[in-house]
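Presented below is the structure to which this report refers.
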Amino acid sequence: MLRPALHLPARAFKQCLPLRFSPLRHLTSNSSSSSQSRPLLNLPGYTTPDSFLEQSNTAIKECTALRSDLLNSVNSDDKNGTSTSSSLLLNLHRLDTISNTICAVIDLTELIRNVHTSPVWRSKANESFGILYSFISELNSDQQLYDCVKKIEEKGVKHFNYEESRMISLLRSEFESDGIHLPDEKRKEIVNLKNDLMDLESEFQNNIIEGRNIYAVHSREIKALNFDGGVLEQLRGHLGRTVRDEETVLTTDNYFTSSILKYEPSPSLRRETYIQSNTVSPQNLLVLSDLRSLRHEISLTLGFPSHSDKTINDKMAGNRTNVLNFLQTQMSSTQSGYKREMEILTDKKFELEGNRIIKPWDIPYYVNICKENSTVTNMDYSEYLTVSNCLNGMKNVCGELLGVSMFEEKVEVGEGWCESLIKFNFSDKDEGNHLGTLYLDLFPREGKYNHAAHFTVRCGCSYLKGADLKSQKPVVAVVANLGSGDGLENSISHNEAETLFHEFGHAMHSIMSRTKFQHMSGTRGPVDFVETPSHIMEYFVRDWRSLKEFAVRRDGKVIEEEDVKEGERIKGMFKNLEKRQQTLYSEYDQVLFGPTVMDDMDSGVILENLHGKYGMPYAHGTHWQSTFGHLNTYGAAYYAYPWAQGIAGNIYNEMSKVGLMNRESGEKFGSLLRPGGSKDPFQLVEDSLGRPWSGA
Ligand SMILES: [Zn+2]
């Protein structure tokens, strides 16, 4: 099965800072008539918005030709009994080159339709994305292509090495995930069900995007003077402080609700805000119910007991039992720590409000108060963290651990999609070989993708050009929306720095990965493994041994070890509570899409029961599940975040033991990055840890 690269968004529940929109700034001299002008991202052929359509048509033609060569070769070998190692391998590369040819265009359109400052470029990219998506769907339901895959796999058993066998077997099972191997009638049934499912999935997502409650509170309630100056200004600016008869109008936009829940002393306003923000998009309850039924029906038709079983089948975890065991371990391990942390919150609430009952809307507020109270050093990370400092930190990781030089290069006229774009090239320190290119688009503006994410544009792999194999160097982009204004010297929060390093981890996975096949390159592996390098990278903004090399204040003062330790201690004060919440959401996702889905169990009842099981406060009548997009996009795979986090923590401990900032530690990291998906993820983790990994 062929598929475009997924962009990898930052994990859920990263604190969102209020966005400051920069005015729309089109590229001033993006005209292709300029003799100096380069093509978009320096990729030949992309000089005007219409290039997308031309490149899409060319890619479709090339793939059609490759498909026909493949069919002729496989069928003639089959008929004449002439399959040889070299013809089988050539055909395997033909299959992979079909995927690479399409992805080279569709992955670029996916980036550009999300980020380009020009609506014309975005719209043309979007149009081409649609065309190529339909073409991919055609290929994925192409019976003749599937038959070739089966024949190559069958004949290849005696000839292929591990990587080649893994490639063809992954390809076959991905083809089968849409039921191509089933009798005609069943296959048609699945196609129809999948079309209905696609409609439901977009409906769910659109309801979330458009969903917004507007509510009025008495102005007396707004005691939000505890907000730090910036947040308060943002709030005032956005709200417009529509005051009518002493009423203030509020909305459930995330940047307001998260600030109010964290800083607002009035319990009744926090309660109102919590309830309003957890009752948005009520129509999604019905959509979610239909989504569960439909996913279940498709999974049963494909021979799986549930959507959860179907989803986990091709992931690192392998099966649902492993995931449920993992979540059980997570729950047990947080039991006593969670109890202790809740007692701290309860005591604080009693002190300030005179009662000990913690409600859901009390948690962010009292967590914040307890953290603020415990700050003895008054340390502010953001004094030490600027975008520019963080880029230096990334260069250190590349140089000191991975033996890779990361150097900035000018973005030429025509090459970029926005004015503030930054470009880095990477090369091998010893050999000097070019390894790949990273573009960074870090600041918010209107019309731009509004989260942080890594986008693949080209994978590091080989591909067929005529009869020869050529090497392709990775090109990737990291997109973020830092709230600091678009200056490299402006301060960013510690959370933002972590997000930036997280996405940089995905980028380095792409840049470092060298596989024979595009299908297994970089971040194209299973999501519960792919989130590991990015979580490892986050430690470089938490560990003083790394921070001391780049976290330097304007006056030259280097961040102090005790301050970092204190910062980490405060951040970790409620780590069991946070971990337990993520475990609860992961288990909810499993139950929702598990085998008992048809037992008429309402999504709200399941959520309330799970809160009971985990001993966590719940507000009856709210429906958080109607606002949680991951149930749609990550359905039954939300566990991937805590799963990968667990692996990352173990690998970091091993790197830490050997001193973190050196090549020995880097080898443990590099051995995880280079093979992409060409090795079994358990093997990769074992290679990195130096001991077997059991999965929990
Ligand atoms: Zn990620």
key: Odd one out for N195 among (1) farther than 28 Å from A59 by Cβ; (2) surrounded by fewer than 14 Cβ atoms within 10 Å (Cβ to Cβ)   = (1)
ask   = What number of residues in the stretch 251-303 are assigned to a helix (DSSP H, G or I) and without any contact (Cβ under 8 Å) to a residue 40 or more places away in the chain?
value = 6
task = Could you name every one of the strands (runs of 3 or more DSSP E) located completely within the stretch 445-559 that has at least 2 residues being open to solvent by 10 Å² or more (accessible area, probe 1.4 Å) and away from the ligand (no atom under 15 Å from the Cβ)?
result = 461-465, 468-472
note = Matching residues in the stretch 423-444 (open to solvent by less than 10 Å² (accessible area, probe 1.4 Å) and under 20 Å from the mean Cα position of the chain (by Cα)) number 7
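Residues are listed down the side, and each one gets a yes or a no for (1) over 21 Å from S546 (Cβ atoms); (2) of a type in the set (A, V, I, L, M, F, W, C); (3) touching a residue at least 24 places away in the same chain (Cβ under 8 Å):
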{"residue": "N389", "(1), (2), (3)": "no, no, yes"}
{"residue": "E412", "(1), (2), (3)": "yes, no, yes"}
{"residue": "C418", "(1), (2), (3)": "yes, yes, yes"}
{"residue": "T437", "(1), (2), (3)": "yes, no, yes"}
{"residue": "L440", "(1), (2), (3)": "no, yes, yes"}
{"residue": "E446", "(1), (2), (3)": "yes, no, yes"}
{"residue": "N450", "(1), (2), (3)": "yes, no, yes"}
key: Any chance Y366 is open to solvent by less than 10 Å² (accessible area, probe 1.4 Å) and in contact (Cβ under 8 Å) with a residue 12 or more places away in the chain   = yes
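Conditions tested, residue by residue: (1) assigned to a helix (DSSP H, G or I); (2) under 15 Å from L286 (Cα atoms); (3) more than 16 Å from the ligand (Cβ to nearest atom).
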{"residue": "M601", "(1), (2), (3)": "no, yes, yes"}
{"residue": "V605", "(1), (2), (3)": "yes, yes, yes"}
{"residue": "K613", "(1), (2), (3)": "yes, no, yes"}
{"residue": "W643", "(1), (2), (3)": "yes, no, no"}
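Every residue, every condition in (1) touching a His at 6+ places or on another chain (Cβ under 7 Å); (2) more than 30 Å from S665 (Cα to Cα), yes or no:
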site: E351; (1), (2): no, yes
site: I357; (1), (2): no, yes
site: Y381; (1), (2): yes, no
site: Y384; (1), (2): no, no
site: V387; (1), (2): no, no
site: N392; (1), (2): no, no
site: C398; (1), (2): no, no
site: K410; (1), (2): no, yes
message = Looking at I112, I106, can you tell me which residue is closer than 17 Å to W417 by Cβ, open to solvent by less than 30 Å² (accessible area, probe 1.4 Å), in contact with a Pro (Cβ under 6 Å, 6 or more places away or on another chain) and not charged (D, E, K, R)?
response = I106
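So that you can scan it fast, the table gives a plain yes or no per residue for (1) within 25 Å of the chain's Cα centre (by Cα); (2) closer than 24 Å to F304 by Cα:
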site: D142; (1), (2): no, yes
site: C148; (1), (2): no, no
site: R166; (1), (2): yes, yes
site: L182; (1), (2): no, yes
query = Quick one: how many residues across the stretch 56-100 are open to solvent by less than 20 Å² (accessible area, probe 1.4 Å) and of a type in the set (V, I, T)?
reply = 3
note = In the set K310, K315, the lone residue that is closer than 21 Å to E174 by Cβ and not in a helix (DSSP H, G or I) is K315
ask   = Which residues, counting only those in the stretch 267-281, are farther than 18 Å from I208 by Cβ and either at pLDDT 95 or above or basic (K, R) (or both)?
value = R270, R271
key: Meets criteria (surrounded by fewer than 22 Cβ atoms within 10 Å (Cβ to Cβ), touching a helix residue (DSSP H, G or I) at 6+ places or on another chain (Cβ under 6 Å) and part of a helix (DSSP H, G or I)) for K371   = yes
task = Go through the residues of the stretch 668-678 one by one and say whether even a single one is out of contact with any Cys (no Cβ under 7 Å at 6 or more places or on another chain), of a type outside the set (D, E, K, R) and closer than 25 Å to Q590 by Cβ.
result = yes
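Residues Y274, Y338: which one is buried (at least 22 other Cβ atoms within 10 Å of the Cβ) and more than 27 Å from the chain's Cα centre (by Cα)? Before the answer, list the steps.
Values: Y274 fails: more than 27 Å from the chain's Cα centre (by Cα).
Checking each option against the conditions leaves just Y338.
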inquiry  = Suppose we filter the stretch 37-92 for residues that are of a type in the set (G, A, S) and within 30 Å of H116 (Cβ to Cβ); how many remain?
reply    = 5
inquiry  = Residues to consider are L631, L660, L672; find the one that is at pLDDT 95 or above, open to solvent by less than 10 Å² (accessible area, probe 1.4 Å) and outside any loop (DSSP other than H, G, I, E, B).
reply    = L672
query = Regarding R187, is this residue assigned to a helix (DSSP H, G or I), at pLDDT 85 or above and touching a Gly at 6+ places or on another chain (Cβ under 8 Å)?
reply = yes
ask   = Quick one: how many residues across the stretch 380-408 are surrounded by 17 or more Cβ atoms within 10 Å (Cβ to Cβ) and either over 28 Å from the mean Cα position of the chain (by Cα) or part of a loop (DSSP other than H, G, I, E, B) (or both)?
value = 2
Pair list, Cβ < 7 Å and 6+ apart or interchain, from the stretch 206-218 residues that are within 14 Å of Y255 (Cα to Cα) to residues that are assigned to a helix (DSSP H, G or I) and of a type outside the set (V, I, T) = N213/Q276
key: Cross-chain or 6+ apart pairs with Cβ under 6 Å, the stretch 511-536 first and under 13 Å from A637 (Cβ atoms), then within 14 Å of the ligand (Cβ to nearest atom) and hydrophobic (A, V, I, L, M, F, W, C)   = V527/A637; V527/A640; D528/A640; D528/W643; D528/A644; E531/A640; E531/A644
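The values are calculated or read from the model by the stated rules, or taken from the named source; none is laboratory data. Keep in mind it's a predicted model, so treat the numbers as computed, not measured. Note: ideal-geometry Cβ built from the backbone for every residue, glycine included; neighbour counts use all protein chains shown. Accessible surface areas use protein heavy atoms only, side chains included; no ligands, DNA or RNA. Shrake-Rupley method; radii C 1.70, N 1.55, O 1.52, S 1.80 Å.
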